[in-house]
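Some notes on the structure that comes next.
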Amino acid sequence: MKSSKLVVGIGEILWDVFDTHKTLGGAPANFAYHAARAGAEGLAISAIGRDVLGDAAVALLEEKQLPALLQRNEQDTGTVRISLDSGGSARYVFPPNVAWDNLAFTDELRQVAASCDAAAFGTLAQRSEASRTAIRAFLNAMPPEALRVFDVNLRQHFYSEALVRESLALADVLKINESELTVLAEYFIPENDGDFRARKDAFLEAVFTAFPRLRYIVLSCGAEGSFAATREGERSFVPADKTIRVVDTVGAGDAFTATFTVAVLDGKNLSEAHRLAAERAEFVCTRTGAMP
């Protein structure tokens, strides 16, 4: 059933460049795409250059029927060089000062924010002051009850403890993976040297305590599965389906986050929202590219 919820991904849009091919991606655009697949009105907000790759991005989003507000500026359309290891996990290299680093908060974006039910943002698109300012203005212009989804998405050196803390203060939902948990644990539970379960539990307690706005924390645990928690103490674990054949993992986390967000907006409980999200992520892992 089609939802009336407007779900936005705001930040980077870029071409994922592999050794043999390229596909359109960027976590916010991926998020918006999968939100639409989950039944919401997905919308990608970013910036592209006045170049061939920018034209190609517009054409592909039209082909995929994903609405987008793409500002055009004089910088190059973003790209990222991706290499995959033997298990399908990705490594990323981003060039500096591209179009999405120069996103501007306009009256058009203000109007979208005012009618937005959920928006996802991360750390990468906040590496520049211009886009960081635009993203935070958008989040602050959203209705108070709307969901602000912080998908940490740590890439290269484009993050800091201050940036993570400032973003968490704005968020209702936190999405992280195992490697990101290791980084964030140093910020919030530096004295904890227990096993993964102890570290996870201590992290949940510390972050929910430090950020009273936060309602959900979702943790992907790679080949083991994923974990979700609410401030009220609900917990959910979904083991990974080890029978699937992983082609690549690019976009799987974005699919998970988007599906979980739409399910929460649609009134699903934690366990159901989590199950739907895990199923979508596993499907994406069996396909090439972030927007299958």
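Within the range 185-202, is there a residue that is in contact with a Gly (Cβ under 7 Å, 6 or more places away or on another chain) and surrounded by fewer than 16 Cβ atoms within 10 Å (Cβ to Cβ)?
no
If I go through the range 7-63 residue by residue, how many of them are in contact with a Pro (Cβ under 9 Å, 6 or more places away or on another chain), part of a helix (DSSP H, G or I) and within 13 Å of D254 (Cα to Cα)?
The first filter runs over the range 7-63 and keeps only residues in contact with a Pro (Cβ under 9 Å, 6 or more places away or on another chain), leaving 8-13, 32, 36, 41-46, 61.
After this cut, where a residue has to be part of a helix (DSSP H, G or I) as well, the list is 32, 36, 61.
Okay, now just the ones that are also within 13 Å of D254 (Cα to Cα), so 32, 36.
Selection size over the range 7-63: 2.
Hey, any hits in the range 81-96 for a residue that's in contact with an Asp or Glu (Cβ under 6 Å, 6 or more places away or on another chain) and crowded, with 22+ Cβ neighbours inside 10 Å?
no
Limited to the range 67-88, what total is found for residues that are in contact (Cβ under 8 Å) with a residue 60 or more places away in the chain and either of a type in the set (S, T, Y) or within 17 Å of W100 (Cβ to Cβ) (or both)?
As a first pass, look at the range 67-88 and keep what is in contact (Cβ under 8 Å) with a residue 60 or more places away in the chain: 77-84, 87-88.
Still in the list and also either of a type in the set (S, T, Y) or within 17 Å of W100 (Cβ to Cβ) (or both): 77-83.
Total meeting the criteria: 7.
Please verify whether N140 is exposed (fewer than 14 other Cβ atoms within 10 Å of the Cβ) and either β-branched (V, I, T) or part of a helix (DSSP H, G or I) (or both), treating the condition exactly as stated.
Details: exposed (fewer than 14 other Cβ atoms within 10 Å of the Cβ): yes; either β-branched (V, I, T) or part of a helix (DSSP H, G or I) (or both): yes.
When the stated conditions are applied, N140 passes them.
When you scan the range 52-65, do you find a residue that is surrounded by 16 or more Cβ atoms within 10 Å (Cβ to Cβ) and closer than 17 Å to F105 by Cβ, even just one?
no
Taking only pairs six or more apart or across chains, which ones have beta-carbon atoms under 6 Å, a first residue in the range 52-63 that is at negative phi, and a second residue that is modelled with pLDDT of 95 or more and surrounded by 15 or more Cβ atoms within 10 Å (Cβ to Cβ)?
Between residues of the range 52-63 that are at negative phi and residues that are modelled with pLDDT of 95 or more and surrounded by 15 or more Cβ atoms within 10 Å (Cβ to Cβ), the close pairs are L53/T77; G54/I48; G54/T77; A57/I48; L61/A68.
Can you tell me which residue within the range 90-136, out of those that are out of contact with any helix residue (DSSP H, G or I) (no Cβ under 7 Å at 6 or more places or on another chain) and among the hydroxyl-bearing types (S, T, Y), is modelled with the lowest pLDDT?
Of everything passing the filter in the range 90-136, Y92 is modelled with the lowest pLDDT.
Does A68 satisfy the condition of being in contact with a Pro (Cβ under 7 Å, 6 or more places away or on another chain), within 18 Å of T106 (Cα to Cα) and surrounded by 19 or more Cβ atoms within 10 Å (Cβ to Cβ)? Show your work before the answer.
On the way: in contact with a Pro (Cβ under 7 Å, 6 or more places away or on another chain): no; within 18 Å of T106 (Cα to Cα): yes; surrounded by 19 or more Cβ atoms within 10 Å (Cβ to Cβ): yes.
No.
The values are calculated or read from the model by the stated rules, or taken from the named source; none is laboratory data. Keep in mind the model is a prediction, meaning the values are calculated, not measured. Note that we place each Cβ from the backbone using ideal geometry, even for glycine, and neighbour counts take in every protein chain shown.
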